[in-house]
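Each value in this text was obtained by applying a stated rule to the coordinates, not by laboratory testing. All values derive from a computational prediction rather than experimental measurement. Using ideal geometry, Cβ is built from the backbone for each residue, glycine included, and neighbour counts are taken over all protein chains shown.
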Amino acid sequence: MSRAPDFDAELDRLQKNVPEWAGRMLADARKPGFVWTRIPIALGLIIGGILGFLPILGFWMLPLGFALLAIDLPPLQRPLARLLKAVNRTAEKVT
């Protein structure tokens, strides 16, 4: 039986696979005192990810937005850890 992926470890791996500027922002947004900025940023990333077919925006924004939201909503962490594991595995194959 496989072990469930660790949310924080998968978030660390995602942080390495997104563009550098997004990784820096993610590191700042993960700090405990940023809850009131993290939620609007997460919602903005989710909306941007849905509109990922437009120029400048990208589908990579969707899992990043859900990952930020899951930091404050623990019930989302387990399913999102599995999603992030798949996203990270795909991103590592591409690079």
Label-point gap, in nm, between LEU73 and TRP36 - each point 7 angstrom along Cα→Cβ: 2.1 nm
DSSP loop chymotrypsin sites (Phe, Trp or Tyr not before Pro) in region 1-80 with at most 14 other Cβ atoms within 10 Å of their Cβ, which ones? PHE53, PHE59
Between ASP28 and VAL94, how high is the FRET efficiency from 1/(1 + (r/R0)^6) when r is the Cβ-Cβ distance and R₀ = 30 Å? Nearest 0.05. 0.70
With x for Gly and Pro, the residue-by-residue ³J(HN,Hα) of region 27-32, computed from phi through the Karplus equation 6.51 cos²θ - 1.76 cosθ + 1.60 at θ = phi - 60° and given in whole Hz, is 4, 5, 5, 7, 5, x
Taking 0.36 nm per residue of sequence separation and subtracting the Cα-Cα distance, how much length would be gained by fully extending the chain between ASP6 and PHE53, in nm to one decimal? 13.9 nm
For the chain, the fraction of alpha-carbon pairs in successive 10 Å shells from zero, as %: 17, 52, 28, 4, 0
